[in-house]
1. Please work out which residue is nearest to ligand 2 (Cβ to nearest atom), limiting yourself to the range 64-118 and to residues that are in contact (Cβ under 8 Å) with a residue 60 or more places away in the chain, in a helix (DSSP H, G or I) and crowded, with 21+ Cβ neighbours inside 10 Å.
2. Please indicate, with yes or no, whether at least one residue in the range 27-49 is under 22 Å from F169 (Cα atoms), within 16 Å of ligand 1 (Cβ to nearest atom), touching a Gly at 6+ places or on another chain (Cβ under 6 Å) and outside any strand (DSSP E or B).
3. Kindly check whether there is at least one residue in the range 33-41 that is charged (D, E, K, R), within 26 Å of V251 (Cα to Cα), within 16 Å of ligand 2 (Cβ to nearest atom) and at pLDDT 95 or above.
4. Test each condition in (1) of a type in the set (G, A, S); (2) away from ligand 2 (no atom under 14 Å from the Cβ); (3) out of contact with any Ser or Thr (no Cβ under 8 Å at 6 or more places or on another chain) for S27 and report the one that comes out false.
5. Would you confirm whether or not the range 185-198 contains a residue that is more than 15 Å from A19 (Cβ to Cβ) and within 16 Å of ligand 1 (Cβ to nearest atom)?
6. So which of L67, L156 ends up being within 19 Å of the chain's Cα centre (by Cα), among the aliphatic types (A, V, I, L, M), modelled with pLDDT of 95 or more and within 16 Å of ligand 1 (Cβ to nearest atom)?
7. Identify the residue in the range 157-193 that is part of a helix (DSSP H, G or I) and free of Cβ contacts under 8 Å to residues at least 40 places away in the same chain and, among all such residues, is surrounded by the most Cβ atoms within 10 Å (Cβ to Cβ).
8. Collect the residues in the range 50-63 that are part of a loop (DSSP other than H, G, I, E, B) and touching a helix residue (DSSP H, G or I) at 6+ places or on another chain (Cβ under 8 Å), keeping them in residue-number order.
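The values are calculated or read from the model by the stated rules, or taken from the named source; none is laboratory data. Here the structure is a predicted model, which is why all the values come from computation and not from measurement. Virtual Cβ from ideal backbone geometry, glycine too; neighbours counted across all protein chains shown.
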Amino acid sequence: MATTLAKAADDTAAAEHAARIEHVSKSFAGPAGQQLVLDDITLDVAPGEFVTLLGASGCGKSTLLNLVAGLDKPTVGSITTDGRPALMFQEHALFPWLTAGKNIELALKLRGIPKNERRDRAESLLELVRLKGAHGKRVHELSGGMRQRVALARALAQESRLLLMDEPFAALDAITRDVLHDELTRIWAETGVSVLFVTHNVREAVRLAQRVILLSSRPGRIAREWTVDIPQPRRIEDAPVAELSVEITEVLRGEIRRHGQH
Ligand SMILES: Nc1ncnc2c1ncn2[C@@H]1O[C@H](COP(=O)(O)OP(=O)(O)O)[C@@H](O)[C@H]1O
Ligand SMILES: [Mg+2]
């Protein structure tokens, strides 16, 4: 499976961007008229790049991710992606009446993978997320961390060149989250998939990303960005991760104060 995924990622060499967000604004109709949620966002994700989108809750992160996913349309501006992105959310959104393996096989079926190949591919994907032997397990038999592993395997089953992740580990305990950070970093390196990862957790953003984009609140604008050149694999408690997190937190606090939140 890793080879197939790596091959899919190789094709991105031809595409200039995994995602291109150009001058995107988004408004919603509210009780006091139109509410501007995102204001003039311009951002590219390069093929194979890992970008985190960081901001206070309510600043428009999910709104932006949904626009990139094509679930909603920008009010102004344009978004293009290299193929259809795969999605992963905080809620695993697995079908509880299907086993872990069948959840993944369903994604393969929707991609038109022939029936006789699905089982093997699902097994390989489960192995990739280190859940070998879990094919027959029901969702309720799995821990929160294992469910997110299955959800990740299902997202990877789509062989998209862009993976969109919306706070996928936010509901997990710190140790499980830590382990999944390691797994995601490994899988990202192995597959070459591009990742746009949303979080409100500064340390998580720094632990994972090559680039951290900080969104301001009300409306969401790109406030600042940082290139993170700390070598992988990183640990969340590493001194350089902690130092950069302190710096980013200071800027984030300033943004929150400026916009009168919390
Ligand atoms: N479909 C919608 N209709 C109206 N308002 C929305 C809709 N979706 C999001 N919003 C508003 O947009 C703002 C940003 O929300 P969201 O993108 O979920 O923030 P975040 O993910 O950063 O916490 C919030 O004020 C929210 O109420
Ligand atoms: Mg959100």
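1. Filtering the range 64-118 for residues that are in contact (Cβ under 8 Å) with a residue 60 or more places away in the chain, in a helix (DSSP H, G or I) and crowded, with 21+ Cβ neighbours inside 10 Å, the one nearest to ligand 2 (Cβ to nearest atom) comes out as L65.
2. Kept after step one, since they are under 22 Å from F169 (Cα atoms), are these residues of the range 27-49: 45, 48-49.
Retained after the next criterion (residues that are within 16 Å of ligand 1 (Cβ to nearest atom)): none.
No.
3. First, pick out the residues of the range 33-41 that are charged (D, E, K, R): 39-40.
If we keep only those that are within 26 Å of V251 (Cα to Cα) too, we end up with 39-40.
From what's left, within 16 Å of ligand 2 (Cβ to nearest atom): none.
Checking the range 33-41: not a single residue is charged (D, E, K, R), within 26 Å of V251 (Cα to Cα), within 16 Å of ligand 2 (Cβ to nearest atom) and at pLDDT 95 or above.
4. (3)
5. Among the residues of the range 185-198, not one is more than 15 Å from A19 (Cβ to Cβ) and within 16 Å of ligand 1 (Cβ to nearest atom), which makes the answer no.
6. Numbers: L156 fails: within 16 Å of ligand 1 (Cβ to nearest atom).
Just one listed residue meets the conditions, L67.
7. Within the range 157-193, the subset part of a helix (DSSP H, G or I) is 157, 174-191.
Applying the additional criterion that residues be free of Cβ contacts under 8 Å to residues at least 40 places away in the same chain yields 174-177, 179-180, 184.
Numbers: A174: 8, I175: 9, T176: 17, R177: 20, V179: 14, L180: 18, L184: 24.
In this case the residue turns out to be L184.
8. If we filter the range 50-63 for residues that are part of a loop (DSSP other than H, G, I, E, B), which is where we start, we get 55-60.
Within the range 50-63, G55, A56 meet the criteria.
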